[in-house]
Amino acid sequence: MKRRSIVAANWKMNGNLSLINDMITGLNAVHLTENVDVVVCPSFPYLASFTAIAQREGLQKSIHLGSQNVNEHQSGAFTGEISIDMLKECSVQYVIVGHSERRDIYKESSKLVADKVACVLDAGLTPILCIGESEAERETEQTNLVLSAQLQSVIDKIGIEKFDDVVIAYEPVWAIGTGKTASPEMAQETHQFIREFLALSNAEIANKVPLLYGGSVNASNCETLFAQPDIDGGLIGGASLKVDEFKVICSAA
Ligand code: PEP
């Protein structure tokens, strides 16, 4: 079965209005195959701008808007936070949840990540659930344990059936923004483990879930990574800030 491929741009706290304009123009010029979706995740202030420009300029239908985070509550006294309904009003369709920078810098627990996944799904949007091990965890052969625990807390919260609407991004923390990429073989081996772990709960769903790889993906390594049988696209940080390079990565999916 051919799964949907997804290439998502995580701009983190980078980018500006000019990059939004250039990215929309650039991506509109890419020939995306029918099975590929592209998701652009700028910072919150640019979500509404992206939608307004996309409406004005027109946008290929397989290009979508994503957010880098959401608050797990519906509304209330949470200064500085953004709710899922606010994201929906900006025409956001995907939400990155549990990025390692959120888990590490902002101390988001696996329970909080699971609550956010549930919040995104309840609103009818698609979570991009990030999981990944640190360098020390890989070196001490705890990768599979760490990934299983991160996944299990979400399974316990939402149930395996709802993974039908979840995208998973495997991002080894040691490969994010470091220029160190997992080799295609190592990434494939870990993606296969993730799929097998999900299959313990539901084999049919495990086979359908898009599994993205993230961690220093660029125009030179994307093709071999995306050619692996269990890699269904990528979550791209640094290279997604360069329109021409991101276009190459989207075309490789
Ligand atoms: C990321 O932040 O999700 C990421 C994968 O970053 P980079 O591509 O820069 O490693």
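What follows is calculated from the coordinates using simple rules that are stated; it is not laboratory data. What you see is a predicted model, and the numbers here were worked out from it, not measured in a lab. Note that each Cβ is placed from the backbone with ideal geometry, even for glycine, and that neighbours are counted across all protein chains shown.
Along segment 162-172 the Karplus relation, 6.51 cos²θ - 1.76 cosθ + 1.60 evaluated at θ = phi - 60°, assigns HN-Hα couplings of 6, 5, 4, 10, 10, 10, 10, 10, 8, 10, x Hz to successive residues, with x for each Gly and Pro. The charge dipole of segment 104-236, taken about its Cα centre with unit charges on the Cβ of Lys, Arg, Asp and Glu (plus for the first two, minus for the last two), comes to roughly 260 debye.
Over all directions, how big on average is the projection of the convex hull of the alpha-carbon atoms in segment 1-78, in square nanometres?
Working: hull surface 27.1 nm².
If I average the Cα hull's projected area over directions, I get 6.8 nm².
Under a 5 Å amide H cut-off, with hydrogens placed 1.01 Å from N, GLU108 pairs with ARG103 among residues at least 5 apart or on other chains.
Using Cβ contacts closer than 10 Å as the measure, can you line up ARG56, ARG195 from fewest to most? Walk me through the numbers on the way to the answer.
Numbers: ARG56 9, ARG195 18.
Fewest-to-most Cβ neighbours within 10 Å comes out as ARG56, ARG195.
Strictly greater than 22 Å: what percent of every Cα pair in segment 5-252 meets that? So the pairs more than 22 Å apart make up 50 percent of the total in segment 5-252. May I ask for the distance between the Cα centers of segment 160-185 and segment 198-252, given as a whole number of Å? So the separation of the two Cα centres works out to 8 Å. Shown here for segment 45-94: GluC sites (Glu not before Pro) in loop regions (DSSP other than H, G, I, E, B) with at most 16 other Cβ atoms within 10 Å, namely GLU81. Inter-part distance, segment 5-36 to segment 85-153, computed on C-alpha centroids, equals 22 Å.
Annotation: amide H of VAL40 within the under-5 Å range of ALA9, HIS64, LEU65, GLY66, sequence separation 5 or more or interchain, hydrogens built in the peptide plane. Each 10 Å bin from zero up to the one holding the largest Cα-Cα distance in segment 139-239 carries the following percent of pairs: 16, 49, 30, 6.
Using a cut-off of 13 Å between beta-carbons, work out the net charge of the residues near ASP232 (Lys and Arg +1, Asp and Glu -1, ASP232 not included).
Details: positive: LYS2, ARG3, ARG4, ARG195, LYS208; negative: ASP37, ASP230.
Neighbour charge sum, excluding ASP232 itself: +3.
Charge tally for ALA8 (other residues, Cβ to Cβ under 13 Å; Lys, Arg +1; Asp, Glu -1): -1.
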